[in-house]
Structures are given as structure tokens and as C-alpha cells.
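Contents: one structure, followed by commentary.
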Amino acid sequence: SLLRREQALTLRMGDEAKRILIAGGGPVGLFAALLLGRHGLPVRLFDNNPALLEDPRAATTHPGTLEILGAAGLVEDMARVGLVCPIVQFWDRPSGRRIAEFDHALLKNDTRYPFVIQCEQFKTAQLILDRLRGLPNIEILFDHEVTDVEQTDRDVSISVRGPAGIQRHTGAYLIGADGGRSVVRKQCGIAFEGFTWEERFIVLTTPFDFEASRGYCHRSYFADPEEWCNCFKVSAKGPPGLWRTVYPAHPGASDDELMNDAAVQARLQKFFPHAQEYEIVHRNLYTTHQRIAKSFRAERVLLAGDAAHLNNPIGGMGLNGGLQDAGNLGEKLAQVMLDGGSEHLLDLYDLQRRTIASEFVQQQSIANKKRLEERDPARRKSTLDELGETAADPERALKFLLGASMIASQRRAAALTLADLQRVPAR
């Protein structure tokens, strides 16, 4: 509103300590900066990388997140540089049978975006950065690493190592969106509770067209008691695009045993037999965690994204959860800074987003993994049969998609109010 922008101009011109500091220049930190900047608030963002990373990992953007991104005018551009995917399929790898197919069109009465957009996270980050460069109240400082955090009851200050050496910066609040190894979280002494999966995940990317050759849609999940797989398409640098396949790695194998050329070809050929060798344009091996910060708030410090929660990628909920954090926090900080809102709104942010991370993202991503890797024959048959029956029943399919699309979790978060804080034990 005009009043908000006038208030923000007063803050910007009159008291530098009123600015919002952000650690982390990935999609979550950048999106928080965009939302705050559009309200007119002064923002200074720091990232330890020299520029945006072309990180190929996260790509899936669910309808529940598209609702937030759409309000910021990003969805149309994401669809332009990504792929719109209304269908998701589940397959039984040993038999080659398609178990279930869900069409997001069932969500047409629940969202403006009844589809998923496959848009690599570096593209989403670039779209946001392009918009930030048009806002004079936003400063983006790459090659600047936050190393220390101190706060009083009036402000928060950070030490930042940059090209000019170590400097101090002060603001009203600090958002820690600096990833799973978050310096901000560690400096605040916030525990990161959970566990690390024994097996690592392997990502192999190829231009081989699984849709034309195998009939797979752009988002396909393969259940296999020996070795499950996720297979999905991204647009990459344009047609024809690339296909990413994700597998579990044997816990005892070395990096070379898993990632040498022969091993990579053998893994793809075992799962998707082909007369020729696969062209591999990208390969990665990474450790996977299921963790949640004990609190998303430490007075004037707020955590968001991977700094606050980590989960396995099956179902594509990690970055989505982070972007939803940014959407929630951006609005609440604006209310506190510009509308005289109570700081208890920041406790509500903690309650809403930590509840969703725990009740939904953690439970659902773990359940997704267990569904694909189940080894007990009876339980495996029951699980896959139930999935097929769910897809065949429009009412059950809708309920399934409301959960998978993260619409249900957004509704759950919105249902938690300031009154619910009274029923939560003090931190």
C-alpha cells in the first residue's frame, strides 16, 4: 500500500538499523528479499558465492508454492523457462507395469495452478534476481560470507567477510537462509534435530528421451525393492531438454565405485536397458538428511529453507517448503515493521512453518521413500494396490493430490493462529 511504502521510505532514510539482513542468496533468500522489497523495506542480502550457482538439483514447483510465486508475478516466467507438468506416474519397475497416474487437473477448483512446473532452482533464482535489480531499496552482495551473529533487544549485527575484509552490518532482523550448514543457525545455538540416511543418492542426467522411447511422463516414480528410481524431465537450456534419474547408492561403496563411467552405464542399463551407451551430461552423489531446527526463531533471527529443515528429495518438497517459508515470513515481517504488528507474529511463523516441516514434509518425504523401497512382498503388494485404487477413485485421488501438491499443508499452516501460541510450551 502507499502508506506502507511511505513508512518504509521513512525507515530507509532515517534509521539504517531498521533494515532487514538476509544471509543466503539462493531462491529462498532472494524470494524473501523480493517480498520485503516490494513492501518498500530496506534489505541487504549476503551470499558467499561470487554469483548465482547453476545448481541443478531442485526443480519441481508444486501448486501450493505456485500460489505464492504467482502473487509475486513469477509463474508465467517460470512456465516459459521450465516445463508445465500436469501428470505424475508411478511404476512397478520389476514388472514394468504402470501402477497409477494422477492428473493435477483434479485440483482445478482448489488452485489457479492445477499443474507442477519443472523449473530448475537456478532459473527460479535468476528470475527473482532480475526483479530485485529493479528495486532501489535492495542490496545484493555476492562474495560476502556471514561469519558471526550478535543481537540485542533492539537490533541484530553480523560480521561479514568480503573483498574489503571483515565488516559489521546492523539491521532490525536477520533471516538465515544460508543452507543446511547454516552459519546463522549454528551461531544462534539452534539444534538441528533428525537423522542422516545411511545410503547416499545418485543423480544421473541424460538427454535420452524417456517419453518418446518408453512412454514415461515428465514426472515418474519407480518402485523397486532392490533399487527404486525417480525419473523426471527438465527443460535445461531449451528443447529437447534433459532427463534426471535418481537412485539410492549402496552404503558401503566408494565414490569411484559408484561414479566411474562403467558403474554409471551399468546402473542406467540395469534399470532402463538400451542398445547403446547413454550420454551422461551430469552426475552427482550426495548425502541426504531428515532434519528440523528446534526453533525457526531466535529473537531477531529467523531461519528459512534448508537452514531450517532438510528432507530427502522424493516428492520434491524441500525447496517448495523453503519458498513457502519465505512467503510466510515476508508478509509477517512487513506487518511487524510497517503495520505495528505484534512480534508474536514471528512466533506464529515459527509455529506454522515448523509444524508443516514436521507434520507434513518430513512425514510425507519419508513415506514417499518407503513406498518405493518396500521389500516385504505382502506389504509391497498392499501399498502398490492401494496407490492404484486411489488413482482410480476421483475423490481419493483429489485428496492424494491435495497432499502431494502441498495445498493441504498450506491450509494447515493458515489454520494455526496467534491463539494457538498459548497452547505451545515456551521455547
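Dipole magnitude for the chain: computed about the Cα centre from +1 point charges on Lys and Arg Cβ and -1 point charges on Asp and Glu Cβ, it is near 580 debye. Label-to-label distance for residue 112 and residue 130 is 1.9 nm, based on points extended 7 Å past Cα in the beta-carbon direction.
Shown here for segment 159-240: GluC sites (Glu not before Pro) in loop regions (DSSP other than H, G, I, E, B) with at most 13 other Cβ atoms within 10 Å, namely 198, 226. Summarising the label geometry, the points placed 7 Å from Cα in the beta-carbon direction at residue 181 and residue 412 lie 3.1 nm from one another.
Beta bridges per DSSP, both residues in the chain: antiparallel share near 75 percent. With the convex hull of the Cα atoms taken as the outline of the chain, the averaged projected area works out to 21.8 nm². Could you pull out the pairs from 18/332; 233/370; 294/369; 108/237 whose alpha carbons sit more than 26 Å apart here? Pairs exceeding 26 Å: 108/237. If you plug the beta carbon distance of residue 166 and residue 49 into 1/(1 + (r/R0)^6) with R0 = 22 Å, you get a FRET efficiency near 0.80. When you work out D = kT/(6 pi eta Rh) for segment 51-116 at 25 °C and 0.890 mPa s, using the Kirkwood radius from C-alpha pairs as Rh and the Stokes-Einstein form, the result is 178 µm²/s.
Using Cβ point charges alone (K and R +1, D and E -1), the dipole size of segment 178-238 about the Cα centre works out to roughly 420 debye.
Estimated purely from DSSP H runs of n ≥ 4, each contributing -39500 (n - 2.57), the mean residue ellipticity at 222 nm for the chain is -11500 deg cm²/dmol once divided by its residues.
Angle of helix 363-373 to the longest C-alpha principal axis of the chain, folded into 0 to 90 degrees and rounded to 10: 20°. Of the Cα atoms belonging to segment 281-372, the radius of gyration and Dmax stand at 15.0, 52 Å. With the charge dipole of the chain set up from +1 on Lys and Arg Cβ and -1 on Asp and Glu Cβ about the Cα centre, the Cα lying farthest toward the positive end among the listed residues 295, 333, 315 is that of 333. Full extension of the chain segment joining residue 376 with residue 396 gains 4.7 nm, where the gain is 0.36 nm per residue of separation less the Cα-Cα distance. In the chain, taking the dipole from charged Cβ atoms about the Cα centre, the farthest positive-side position among 115, 141, 285 is held by 115. Centre-to-centre separation between the Cα atoms of segment 291-342 and those of segment 239-259: 30 Å. Cα centroids of segment 355-387 and segment 75-114: 19 Å apart. Which residue, 325, 306, 143, tops the fluctuation ranking in a GNM of the chain built on C-alpha contacts under 10 Å? Looking only at 325, 306, 143, the largest GNM fluctuation is found for 143.
Think of each Lys and Arg Cβ as +1 and each Asp and Glu Cβ as -1; about the Cα centre, that makes the dipole of segment 255-386 roughly 400 debye.
When you filter the trypsin sites (Lys or Arg not before Pro) in segment 109-153 for DSSP loop state and at most 16 other Cβ atoms inside 10 Å of their Cβ, you are left with 112, 133.
Throughout, read-outs are computed from the coordinates displayed, never taken from laboratory work. These numbers were taken from a predicted model, which means no experiment stands behind them. Here Cβ is always computed from backbone atoms with ideal geometry, including for glycine, and neighbour counts include all displayed protein chains.
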